[in-house]
Amino acid sequence: MKIPAAAPLTLRREGQETSLVRVGDVVFGGPTVVLIGGPCAVEDRQQILDTARYVAEAGGRMLRGGAWKPRTSPYSFQGLGEEGLPLLVAAREVTGLPVVTEVLDPRDVELVAGTADMLQIGSRNIQNFPLLKEAGASGTPVLLKRGMMTTVDEWLLSAEHVLNAGGRDVVLCERGIRTFDPALRNTLDVGGVALLKTLTHLPVIVDPSHAAGDRRLVCALARAAVAAGADGLLVETHPDPSSARSDGQQSLDPDEFRELAVSCRAVARALGRDL
C-alpha cells in the first residue's frame, strides 16, 4: 500500500525519522514506549486520584480518563461532562501526569484544550471533519484513534485533516477493528501497526483494552503491540473494575496494571527500548 498523494503531510519520506510528539515532558516516537493508563470514564474525585497515583507508581507516563463518553446506548453512563475536567486537573496536580481526554463536539475543543494536555479523537469521530479541523487548529497535541471500520488509508487521511488545519502533533492509536469473528470485541491489527511504522512519520500507539474487550487478554495484546513497534500503550484501568460505570470488563485492576507494565517493559528492553 502507498499513502495517497492527497496525504503529503502524513507521508514518511525516504530516510525520515519518526516525528517526536511532545506532551509536557512526555515524548512519543522516541526510544521510550509511553504507557498511558486510566479509567474509561471519570466517575468521581477519589476514583481518578487513586488511579492516577498507582498509574504513576507503575511507570505510567500519562493519565487517560473520559469526561464525556460516547456510548452506543443513550441510557448508558455518558460521563460527567464538564464537571469531569477539574477532576483530571486535580489528578495531574497530585501526580504530575499529563492528561489526555476525549472531545466529542467542535464547540468544546477550546474548553477541553484549555484543560487537557492532549485531545483524544475517538473511533466514532474519526471522520467528523469539523471536529478534526477544530482540534488541529487548537494547537494542542491530538491522539487520533482508528475507527472500528476504518481502513489505514482513511485513517491517514483523517490525520491529514488535523495536520492541514495547523496541527503539528498527532499520534495515531490502533484500537482494533470489526471483523467477521465476534470472539473478541474487536480484532487488534498488529500488522497495521507494523505497516504504519513504514508508511507514516507519525508515532503509533495501541489500545489493547478496546481490542480485547476482556481484561484477561489485554496484557498479551499489549506485549504484541510493543513487539510490533508501537510507540505507546493506552490501557484502561480502574481501582475496582467490578464497580466501573463504563468498560469494567476490559479494565485492569491496580495489580494487573502493574503486571502489564513489568511484562511490556521486558519486551521493550529486548528491542532496545524502554517503558
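The values are calculated or read from the model by the stated rules, or taken from the named source; none is laboratory data. Quick caveat: nothing in here was measured; it's all calculated off a predicted structure. So basically every Cβ, Gly included, is an ideal-geometry build from the backbone, and we count neighbours across all protein chains shown.
For the reader, a short list of remarks on this structure follows.
- Taken together, L234, L184, L221 contain a single residue that is of a type in the set (A, V, I, L, M) and assigned to a helix (DSSP H, G or I), which is L221.
- Taken together, the residues in region 113-126 that are under 14 Å from L143 (Cα atoms) and either out of contact with any Leu (no Cβ under 8 Å at 6 or more places or on another chain) or in a loop (DSSP other than H, G, I, E, B) (or both) amount to 6.
- The one condition from (1) outside any loop (DSSP other than H, G, I, E, B); (2) in contact (Cβ under 8 Å) with a residue 60 or more places away in the chain; (3) not aromatic (F, W, Y) that V89 does not meet is (2).
- Members of region 199-238 found to be of a type in the set (D, E, K, R), touching a residue at least 40 places away in the same chain (Cβ under 8 Å) and closer than 30 Å to Q46 by Cβ, listed by number: D207, R215, E236
- On inspection, P141 fails the criterion of being over 17 Å from the mean Cα position of the chain (by Cα) and either over 18 Å from G232 (Cα atoms) or modelled with pLDDT of 95 or more (or both).
- On inspection, V162 passes the criterion of being assigned to a helix (DSSP H, G or I), buried (at least 22 other Cβ atoms within 10 Å of the Cβ), among the β-branched types (V, I, T) and under 18 Å from the mean Cα position of the chain (by Cα).
- For region 9-49, the set of residues classified as surrounded by 17 or more Cβ atoms within 10 Å (Cβ to Cβ) and more than 22 Å from E174 (Cβ to Cβ) consists of V42, E43, Q47, I48, listed by residue number.
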